[in-house]
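> Sharing a structure with you now.
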Amino acid sequence: MRVLRRGDAGPEVAEIRSMLASLDLLPPGAGTGGHAAFDTVVEHAVRAFQQRRGLITDGIVGPATYRALRGSSYHLGSRPLAYLISSPVHGDDVFALQERLTELGYDAGRPDGGFGPQTERALRNFQRDYGLVVDGICGSATVRALRQLSPRARGGRPVFLREQEQVRRAGPRLRGKRIVIDPGHGGSDLGVVVDGVREVDIVWDLARRLEGRMKATGMEALISRGPDQSPSELQRAEFANEAGADLFLSLHCDGNGSPFAQGVASFHFGTGNGTTSTVGELLAGYIQRELAARTGLLDCRTHPKTWEIFTRTRCPAVRLEIGYLSNDMDRRRLSDPAFRDVVAEGILVAVKRLYLLGENDQPTGTFTFADVLAHELAKAE
């Protein structure tokens, strides 16, 4: 589909208006441009939907927003569900299936609305246990069985418990952990550019500094792209999945029309209603606190999002927006290599804190790179 924005018109826009109206985000007859016009009222409705779903709130209907809009029209049982490699199925019905399987004690992975191999395995296990045809397809008979059974537990966060147990079993040492470092943009995509300072250069340099420190601890640090490449978010996620990454760290800087916007923010997978990759949330919190304490950047907190970089990576993922290049002070600091060293150290320490799980830890902002190396050597002896 083509990307739709304010000023566009045609049958694609009419479809968007219809879907927004079905969600009560667009009252009948709203706007002045007719049913096929993408006007200001439609843009506001799109922004409201994006904010509700944890998408980038830009008022533009791109592939991610369109897929979420289409998916919102489905409920569990409204269509057969299956794992299709060539054309993955997404929607609210898949999300409901994943949550239901999790309630019944089956590991369907993070409820992200995408029917993947883990959801299929959980569904097949349920069908086998319940005496259904084991075909991995959620049809009418499977939906009836899902609705008849009482959940083994309601509430809680079973996905969180599984993720945290994986971290616990991995042990406190960094050696052998495989981390994918993802410098944003690349190639002809320069990201934010202000007064000759380019986001693409800042995050590439930061990625290399972080890579060096991680390798010094014995970690396997992989960079998701080359200096002249600009892969899509899906390609970056596939790189991490194929590498069997334990963690995925995406590095960005921000920009804003207001020169007063400033600070650092961290993002992780989460729908905003309690469904979250809690290891991702935990790591985002560690990174956020370390960077705010070490750099003096304004703490813009952590936020749950359903961006493709989160829904398509199988490992916990965090995206960092480190400073605003549109802000004079943030831009000057990010242009300083010594400042980028501080940022790289803060990120490494945050990763170490994640694997320590609160044991033998130190106060935020006081754990140094030398401390991390000493801890690794002590564990090796």
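The values are calculated or read from the model by the stated rules, or taken from the named source; none is laboratory data. Predicted model only: the values in this text are computed from it and were never measured. Because the Cβ atoms are built from the backbone with ideal geometry, glycine has one as well, and the counts that use them run over all protein chains shown. Each accessible area value is taken on the protein alone, full model and side chains, heavy atoms only, with ligands, DNA and RNA left out. Shrake-Rupley method; radii C 1.70, N 1.55, O 1.52, S 1.80 Å.
> Can you compute the modelled spin-label distance between Ile223 and Asp58, with each label point 7 Å from Cα toward Cβ, in nm?
2.5
> Also, quick follow-up: With only Lys, Arg, Asp and Glu charged, each at its Cβ (+1 for the first two, -1 for the last two), find how big the charge dipole of region 175-313 is about the Cα centre; round to the nearest 20 debye.
Result for region 175-313 is approximately 500 debye, rounded to the nearest 20.
> How much accessible surface does Val194 have with a 1.4 Å probe, in Å² rounded to 10?
Roughly 30 Å² of Val194 is accessible to a 1.4 Å probe.
> With an 8 Å cut-off on Cα pairs and a minimum separation of 6 or more residues, tell me the relative contact order of region 236-381 in percent.
Rounded, it is 31 percent for region 236-381.
> Relative contact order for region 267-343: what is it in percent, counting Cα pairs under 8 Å that are at least 6 residues apart?
35
> Using the Karplus curve 6.51 cos²θ - 1.76 cosθ + 1.60 with θ = phi - 60°, what ³J(HN,Hα) values do you get for each residue of region 92-104, in whole Hz, with x for Gly and Pro?
The phi angles translate into 5, 5, 5, 4, 5, 4, 4, 5, 5, 4, 5, 4, 8 Hz.
> In the neighborhood of Arg147, defined by Cβ-to-Cβ distances under 12 Å, what is the net charge if each Lys or Arg adds +1 and each Asp or Glu adds -1?
Once all neighbours under 12 Å are counted, the net charge is +1.
> At 7 Å along Cα-to-Cβ for each site, give me the label-to-label distance between Glu99 and Asn256 in nm.
Here the modelled spin labels are 3.2 nm apart.
> Another question, then. Estimate the FRET efficiency between Asp195 and Ser78 by the formula 1/(1 + (r/R0)^6), using the beta-carbon distance for r and 41 Å for R0, to the nearest 0.05.
Computed FRET efficiency for Asp195 and Ser78: 0.20.
> Need one word for region 212-319: rounded, prolate or oblate. Basis is the Cα gyration tensor (sqrt eigenvalues a ≥ b ≥ c); a/c below 1.5 gives rounded, then a/b vs b/c decides.
rounded
> Next question, about the same structure. If you count only protein heavy atoms with a 1.4 Å probe, what accessible area per residue comes out for the chain, rounded to a whole Å²?
I get 46 Å² per residue for this part.
> Report in % the part of the accessible area of the chain that belongs to carbon and sulfur, leaving out ligands and nucleic acids; probe 1.4 Å.
Looking at the chain in its full context, I get 51 percent from C and S.
> Once all Cα-Cα distances of the chain are split into 10 Å bins that start at 0, what whole-number percent is in each one?
Final binned percentages: 5, 21, 28, 25, 15, 5, 0, 0.
> Please list the non-local residues whose amide H lies under 5 Å from the amide H of Glu220, H modeled 1.01 Å from N, same-chain partners needing a gap of 5 or more.
Gly176, Lys177, Arg178, Ile179
> Ok, one more. Using a 1.4 angstrom probe with every protein chain in place, what is the largest-first accessible-area order of Lys177, Lys215, Lys305?
Solvent-accessible surface, decreasing: Lys215, Lys305, Lys177.
> Output the antiparallel fraction of DSSP beta bridges having both residues in region 235-372, as a percent to the nearest 5.
Antiparallel: roughly 35 percent of the beta bridges in region 235-372.
> Whole-Hz Karplus ³J(HN,Hα) for region 280-297, in order, using 6.51 cos²θ - 1.76 cosθ + 1.60 and θ = phi - 60°, x for Gly and Pro?
These are the phi-based 3J(HN,Hα) values: x, 5, 5, 5, 4, x, 4, 4, 4, 5, 4, 5, 5, 6, 7, 9, x, 5 Hz.
> Once you place label points 7 Å from the Cα toward the Cβ at Val133 and Asp107, how far apart are they in nm?
In this crude spin-label approximation the distance works out to 2.9 nm.
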